[in-house]
Amino acid sequence: MSGLGSEIIGRKIIHLHEVDSTNEYAKLIALDEREGTVVVADRQTAGKGRKGRTWVSPEGGLWMSVILKPKAEPKHLSKLVFIGALAVVDTLGKFGIEAGIKWPNDVWVNGRKICGVLTEGRIGEFVILGIGLNVNNDAPEELRKMATSMREFLGREVSLSEVFRTLIRNLDHWYRLFLNGRYAEIISALKERSIVLGKEVKIIDDKTELVGRAMDIDGDGALILETPKGRVRVLHGDVSLRFL
């Protein structure tokens, strides 16, 4: 696809009608493809979110994965999930939709989830940045109260190709900032677009639960939580965050 207006992201587009998961497909080809290659599918049969959760991915949504090969220190790679979320928020803004980021990887509109971001990869080789954005698709019946789409918010169909082009340009912008080591700008933007800061939340991982007020996001992207026992620093890893 030509005319994307990007420098790195979208150098090559692999369009599939159907795939189990764009992230899984991208991982299989990552070593042989150049950085910035995008895998996009009309439909996923086994889309996934964080912690192995299923991500329903019918036609009408934007299901895509980007192959990245940054030469950054491993400690900074966790910030790539943030550039995905920031790019989605900027993209929605172009279509008149005000969105925010639910740390660390979800994009919400009016209290409902519209997008999830997932990063996977092998340190020193590649990172796959996966994005699932509800555009013209309906959420499953059981998720209608928790999920929304661009079409539902705007009351009309949206050009999927225009959403894709806009998202590619925004991803390219944020990724170039990342490559230039401008991590502070990424974190600052994340905090500005956060819907978590100042809220009472519960953090859940496989072993423990923490309850407190989300106070800050530090330079590493960790959430600073004020709990009854003092401040706790939470790295996003495999934790889940819920509002109280």
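Restricting attention to the stretch 220-232, which residues are open to solvent by 20 Å² or more (accessible area, probe 1.4 Å) and either under 24 Å from residue 99 (Cβ atoms) or touching a residue at least 60 places away in the same chain (Cβ under 8 Å) (or both)?
Selection gives 220, 224.
Which is among the acidic types (Asp, Glu) and in contact with a Gly (Cβ under 8 Å, 6 or more places away or on another chain), of 172, 220?
The unique qualifying residue is 172.
With 108, 55 as the choices, which residue is closer than 25 Å to residue 202 by Cβ, open to solvent by 30 Å² or more (accessible area, probe 1.4 Å), modelled with pLDDT of 95 or more and touching a strand residue (DSSP E or B) at 6+ places or on another chain (Cβ under 6 Å)?
Of the residues listed, the single one that is closer than 25 Å to residue 202 by Cβ, open to solvent by 30 Å² or more (accessible area, probe 1.4 Å), modelled with pLDDT of 95 or more and touching a strand residue (DSSP E or B) at 6+ places or on another chain (Cβ under 6 Å) is 108.
Identify the single condition in (1) open to solvent by less than 60 Å² (accessible area, probe 1.4 Å); (2) more than 29 Å from residue 8 (Cα to Cα); (3) part of a helix (DSSP H, G or I); (4) not hydroxyl-bearing (Ser, Thr, Tyr) that residue 186 does not satisfy, given that it satisfies every other one.
Of the numbered conditions (1) open to solvent by less than 60 Å² (accessible area, probe 1.4 Å); (2) more than 29 Å from residue 8 (Cα to Cα); (3) part of a helix (DSSP H, G or I); (4) not hydroxyl-bearing (Ser, Thr, Tyr), the odd one out for residue 186 is (2).
Checking the condition open to solvent by less than 70 Å² (accessible area, probe 1.4 Å) and in a loop (DSSP other than H, G, I, E, B), which residue from 163, 211, 158 passes?
158
If you go through the stretch 189-201 one residue at a time, how many are part of a helix (DSSP H, G or I) and exposed (fewer than 13 other Cβ atoms within 10 Å of the Cβ)?
Summing the residues that are part of a helix (DSSP H, G or I) and exposed (fewer than 13 other Cβ atoms within 10 Å of the Cβ) in the stretch 189-201 gives 1.
Take residue 45 and decide whether it is open to solvent by 20 Å² or more (accessible area, probe 1.4 Å) and touching a Leu at 6+ places or on another chain (Cβ under 6 Å).
So residue 45 does not fit the description; no.
Any residue in the stretch 166-180 that is in a helix (DSSP H, G or I) and open to solvent by 10 Å² or more (accessible area, probe 1.4 Å) sitting within a Cβ distance under 7 Å of a residue that is modelled with pLDDT under 95 and not charged (D, E, K, R)? List the pairs, counting only those 6 or more apart or interchain.
Pairs found: 169/4; 169/5; 169/6.
What's the total number of residues in the stretch 66-105 that are open to solvent by 40 Å² or more (accessible area, probe 1.4 Å), at pLDDT 95 or above, more than 13 Å from residue 153 (Cα to Cα) and assigned to a loop (DSSP other than H, G, I, E, B)?
Residues flagged as open to solvent by 40 Å² or more (accessible area, probe 1.4 Å), at pLDDT 95 or above, more than 13 Å from residue 153 (Cα to Cα) and assigned to a loop (DSSP other than H, G, I, E, B) within the stretch 66-105 amount to 1.
Scan the stretch 106-121 residue by residue and report those that are without any contact (Cβ under 8 Å) to a residue 60 or more places away in the chain and farther than 26 Å from residue 155 by Cα.
119
Go through the residues of the stretch 137-150 one by one and say whether even a single one is part of a loop (DSSP other than H, G, I, E, B), of a type in the set (Asp, Glu) and farther than 30 Å from residue 34 by Cα. Give the derivation first.
Looking only at the stretch 137-150, we keep the residues that are part of a loop (DSSP other than H, G, I, E, B), and these are 137-140, 144-146, 148-149.
Now drop any that are not of a type in the set (Asp, Glu), which leaves 138.
Checking which are farther than 30 Å from residue 34 by Cα leaves us with 138.
The answer is yes, given that some residue of the stretch 137-150 is part of a loop (DSSP other than H, G, I, E, B), of a type in the set (Asp, Glu) and farther than 30 Å from residue 34 by Cα.
Here is a yes/no grid of residues against (1) in contact (Cβ under 8 Å) with a residue 12 or more places away in the chain; (2) under 25 Å from residue 90 (Cβ atoms):
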{"position": "164", "(1), (2)": "yes, yes"}
{"position": "182", "(1), (2)": "no, yes"}
{"position": "200", "(1), (2)": "yes, no"}
{"position": "218", "(1), (2)": "yes, yes"}
{"position": "234", "(1), (2)": "yes, no"}
{"position": "241", "(1), (2)": "yes, yes"}
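The values are calculated or read from the model by the stated rules, or taken from the named source; none is laboratory data. Quick caveat, the model's predicted, so the values are computed rather than measured. No Cβ is skipped: glycine too gets one built from the backbone with ideal geometry, and neighbour counts run over all protein chains shown. Side chains are part of the model used for accessible areas, which takes the heavy atoms of the whole protein and leaves out ligands, DNA and RNA. Shrake-Rupley method; radii C 1.70, N 1.55, O 1.52, S 1.80 Å.
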